[in-house]
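See structure below.
Only the coordinates and a few stated rules stand behind these numbers; no lab work does. In this text the structure is predicted, and so the values were computed from the model without any measurement. Using ideal geometry, Cβ is built from the backbone for each residue, glycine included, and neighbour counts are taken over all protein chains shown.
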Amino acid sequence: MGKILSIDPGRELGYAIMDSKDGLLNYGIYRSDAFHRFAALNDYANFLEDLVAEQEAGGPELQAILCEEVLQGSCNLRSDTAVFWLLGTYLAAGLVADRAGVKFETIHPATIKKHMAGQGRATKDEMIAAVSVSYGLAFKLSESHIADAVSLGDCYFARQLA
């Protein structure tokens with residue numbers, strides 16, 4: 001199955017690099033300091049390209065870049081700004097995957113939540129708790145993007161084994 005980069009799209013980009021054998025290798029949150037939206041999306045694409053290049057140089061090839069599905073009604077979008085960041089980072093991730101020659105796959109948020117927390121309508125707190133227990137990490141609510149990215153990768157690997 002190999003190594004994957006999973007991304008929780010949004011203004012703050014949560015990411016996790018995971019391997020089917022070695023588990024969670026790296027994780028974090030990236031936020032651009034750019035003032036203009038499109039400059040920030042360019043920063044996100046460059047950041048993701050750098051992550052992909054680091055993975056290619058440091059061992060097994062990256063097999064896929066993963067992202068939550070972006071579907072109408074699948075998220076709680078409160079403004080056009082939220083829509084911009086969600087779709088923009090999603091498209092940046094897809095572009096980076098295409099340039100790197102790796103698969104770009106999506107999984108519906110409810111599927112990820114059901115896998116990780118046992119129910120498809122799990123709250124952020126429940127997702128953080130599930131990831132914390134499974135991976136022995138303590139995340140704060142402000143780090144929910146990381147927990148979401150880790151959950152996405154975990155769900156992907158579980159589906160590959162099924």
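Brief remarks on what is shown
- Its Cα gyration tensor gives the chain an equivalent ellipsoid; the semi-axes, largest first and in whole Å, are 21, 20, 14.
- Per-residue HN-Hα couplings for the range 18-32 [Karplus 6.51, -1.76, 1.60; θ = phi - 60°; Hz; x = Gly/Pro]: 9, 10, 5, 9, 9, x, 6, 9, 7, 7, x, 10, 10, 9, 6
- Each residue of the range 6-15 was assigned a 3J(HN,Hα) from its phi angle through the Karplus expression (A = 6.51, B = -1.76, C = 1.60, θ = phi - 60°), giving 10, 10, 9, x, x, 4, 9, 8, x, 9 Hz with x at Gly and Pro.
- DSSP bridge orientation in the chain - percent antiparallel, rounded to nearest 5: 55
- Here's how it looks for D8: its modeled amide H is under 5 Å from those of G14, Y15, A149, which are all 5 or more places away or on a different chain.
- For the range 1-58, trypsin sites (Lys or Arg not before Pro) are listed when DSSP marks them as loop and at most 11 other Cβ atoms sit within 10 Å of their Cβ; the list is K21.
- For the range 104-162, the C-alpha radius of gyration divided by 2.2 N^0.38 Å, with N the number of residues, is 1.03.
- From least to most packed, judged by other beta carbons within 10 angstrom and beginning with the fewest, I107, I146 follow the order I107, I146.
- Pair A82, L141: separation of 7 Å Cα→Cβ label points (nm): 1.6
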